[in-house]
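K.L.:
Quick one: structure below, then a few questions.
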Amino acid sequence: MSTRPLSPHLSVYRMSRYTVATSFFNRVTGVGLSAGLLLLVYWLTSVAAGARAYAHAQRLLGLPLTRLVYAGLIVAFCYHLIAGLRHLVWDTGHALERAQSRRSAYLVVALSIALMLLLAYGAWRAVVRAL
Amino acid sequence: MSLRSPLGRVLGLGAAREGVRRWWQQRLTSVALVPLSIWFVVSLLALPSLNHATVAAWMSQTWTALLLILFVVIAAWHSQLGVREVVEDYVHGAGSKALTLVVVSFAHVLLAAAGVFAVLRVALGAAP
């Protein structure tokens, strides 16, 4: 491994910049969703393992701590989805100007918060229905 | 004048034309995950209940099983590419970096295989 300086040079970034913040949060939410994938596969496996195993998994998946994880996953999913769409637009070569990028950063935050609220409402409705 | 390094010339190394492969895979998987993940979240929230019978019946439907398999495999693929990028950036030292990448790769293949197997088991009526 070479000892030359390698990107990313975390110490030189100003984390308060919207460019850094949006990019950093996209990575963090992405890694969070990877943990969510673990939860999804655990859930699918428990369904395949039969009703008794599923009942056991349901206790684990219904713990207050796990519910907190779901809230985090909703935030991560909404942000990563919208920020990912912004990246896909960039990949076509559009909206890369400084002013456009600043505007789209605010748009990403606004849209993902709207989507979070919508999902949280949907989840709440589903919980009420299941009771 | 060549811009290639003397060592690269001696070793006969050059562009393998694979430099954008991972980048392209990340875009493809992300495009596929937009409809798949929205489908998954909406169907999950639309389930009348989350008891075993309801979930198993849902997973047994042909389209559900197919889309669930696609979702798990493509999500694992996309996740692997993303986590790999983070590891490449933040884990320093050749040994620990290589080891972490091996663990990340194995874990994602295991996750994808376990997810696909679980869905198939339910969909093909082999679950207890």
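The values are calculated or read from the model by the stated rules, or taken from the named source; none is laboratory data. This one's a predicted model, so the numbers in the text were calculated from it and none came from an experiment. Heads up, the Cβs are rebuilt from the backbone with ideal geometry, glycines too, and the neighbour counts pull from every protein chain shown.
K.L.:
How many residues does the stretch A:96-131 contain that are surrounded by fewer than 12 Cβ atoms within 10 Å (Cβ to Cβ) and of a type in the set (Ser, Thr, Tyr)?
P.N.:
Residues flagged as surrounded by fewer than 12 Cβ atoms within 10 Å (Cβ to Cβ) and of a type in the set (Ser, Thr, Tyr) within the stretch A:96-131 amount to 2.
K.L.:
List pairs: first residue in the stretch A:76-88 and facing chain B (nearest Cβ under 7 Å) and over 12 Å from residue A:110 (Cβ atoms), second residue of a type in the set (D, E, K, R) and assigned to a helix (DSSP H, G or I) anywhere in the structure, Cβ distance under 9 angstrom, at least six positions apart or on different chains.
P.N.:
Pairs found: A:88/B:27.
K.L.:
Would you check which residues across the stretch B:32-62 are of a type in the set (A, V, I, L, M, F, W, C), crowded, with 16+ Cβ neighbours inside 10 Å and part of a helix (DSSP H, G or I) and list them?
P.N.:
B:32, B:33, B:36, B:39, B:40, B:41, B:44, B:45, B:55, B:56, B:58, B:59 - these are the residues of the stretch B:32-62 that are of a type in the set (A, V, I, L, M, F, W, C), crowded, with 16+ Cβ neighbours inside 10 Å and part of a helix (DSSP H, G or I).
K.L.:
Of the numbered conditions (1) touching a Phe, Trp or Tyr at 6+ places or on another chain (Cβ under 8 Å); (2) at the interface with chain B (Cβ under 7 Å from one of its Cβ atoms); (3) over 21 Å from residue B:58 (Cα atoms), residue A:48 satisfies every one except a single condition; which is it?
P.N.:
So residue A:48 meets the others, but not (3).
K.L.:
Quick check on residue B:86: is it at the interface with chain A (Cβ under 8 Å from one of its Cβ atoms), closer than 30 Å to residue A:43 by Cα and modelled with pLDDT of 95 or more?
P.N.:
no
K.L.:
How many residues are out of contact with any helix residue (DSSP H, G or I) (no Cβ under 8 Å at 6 or more places or on another chain) and either farther than 19 Å from residue A:26 by Cα or facing chain B (nearest Cβ under 9 Å) (or both) if we restrict to the stretch A:99-131?
P.N.:
9
K.L.:
For the stretch A:40-131, which fully contained helices (runs of 4 or more DSSP H) count at least 3 residues that are farther than 26 Å from residue B:49 by Cα and not aliphatic (A, V, I, L, M)? I'd like the intermediate steps shown before the answer.
P.N.:
On the way: elements: A:51-61, A:64-91, A:98-130.
Here the list reads A:64-91, A:98-130.
K.L.:
Can you name the residue in the stretch B:112-128 that is touching a helix residue (DSSP H, G or I) at 6+ places or on another chain (Cβ under 7 Å) and facing another protein chain (nearest Cβ under 7 Å) and is also farthest from residue B:61 (Cα to Cα) among such residues?
P.N.:
B:114
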